[in-house]
Amino acid sequence: MPNLKWCPAPNCEFAVRCGVKQRDLDRVVPTVHCACSFTFCFGCDVGNHQPCPCALVKKWVKKCKDDSETANWISANTKECPKCQSTIEKNGGCNHMTCRKCKHEFCWMCLGPWSEHGTSWYNCNRFEEKGSSDARDTQTRSRQSLERYLHYYNRFANHEQSAKLDRDLFLKTEKMMVNLQSQSGLSWIEVQFLDTASHTLQECRQTLKWTYAFAFYLARNNLTEIFEDNQRDLEMAVENLSEMFEKPISELAGLKVDILDKTSYCNKRRVILLSDTAENLKAGMFTSIFT
């Protein structure tokens, strides 16, 4: 039965039903939720890869595999401080970095000043195409193509890495909740906001990761601009939540309202991005740069 499939989660014995036809997979991402709480794509059995269609997921994974040496280089865990050139290791999901040596605050992704990432100058998610005069010969075009790929792969890999770091933090969340409860006098129910925030961070990181694989294949037009605006808004909200979530236990009680508000806002921005993209994808509005 083509509309039934076993859930791929370990030890799950449930089957999931989905009415999306194979012929519609280029316009619909058939994400399903099993009764065991596992979410996956009915079309290709990969985990939840919204908003990227299955065909583009397959292309992207193959490209990343083919460019494995470049991928290994760009996904290195250390970078140099743009001000004092000290080597810095990323040990949390948040991209707001502060150099311990010179105290310079910068973005792990683009190495730009962090002060610009909460303003109208924020442009970290968008790849800036060079003018035609800069791409006259084959070598220049090849270099520009590589730079474009690295822009999207770097951000894809960063959210993948941040999601893993956030998951590591999630495993410690219960201990954080116990410590917060004992230090603040809050009840067990009242400290559940940390668990909710942790789940939200993981879901949003997963979504942001695949938005960059999707964006890599999009031709530049007004619809792409809107998609990147939604992507930027979600990314900024996630970074703010991630930064608050990593604060010391002693500060978390005072940040409860802010964390709840930002968690709600992240969920809202994620729904807006996914629903808007799904609607335009289904209508065939997106144009691939490689068609």
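Coordinate-derived values only; no laboratory data. Since the structure is predicted, the reported quantities are computational estimates derived from the model, not experimental observations. Positions of Cβ are generated from backbone atoms using ideal geometry, with glycine treated the same way; all protein chains shown enter the neighbour counts.
Key figures
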read-out	value
Net lengthening on full extension, VAL257/CYS84 (0.36 nm per residue, minus Cα-Cα)	58.6 nm
Highest average packing first - 204-213, 81-90, 29-38, 43-52, Cβ atoms within 10 Å	204-213, 43-52, 29-38, 81-90
Cα Rg, Dmax, region 161-210, angstrom units	12.2, 40
Computed lengthening from ALA55 to THR196, 0.36 nm per intervening residue step minus Cα-Cα distance	47.5 nm
Inverse of mean 1/r across different Cα pairs in the chain, Kirkwood, Å	20.8 Å
Stokes-Einstein D (µm²/s) once Rh is taken as the Kirkwood radius of region 160-262 over alpha-carbon pairs, at 10 °C in 1.306 mPa s	107 µm²/s
Full-stretch length increase - ASN179, ASN221 - with 0.36 nm per residue and alpha-carbon distance subtracted	10.1 nm
Residue-wise HN-Hα coupling along region 231-240, computed from phi with Karplus coefficients 6.51, -1.76, 1.60 (Hz; x: Gly, Pro)	4, 4, 4, 5, 5, 4, 5, 5, 5, 5
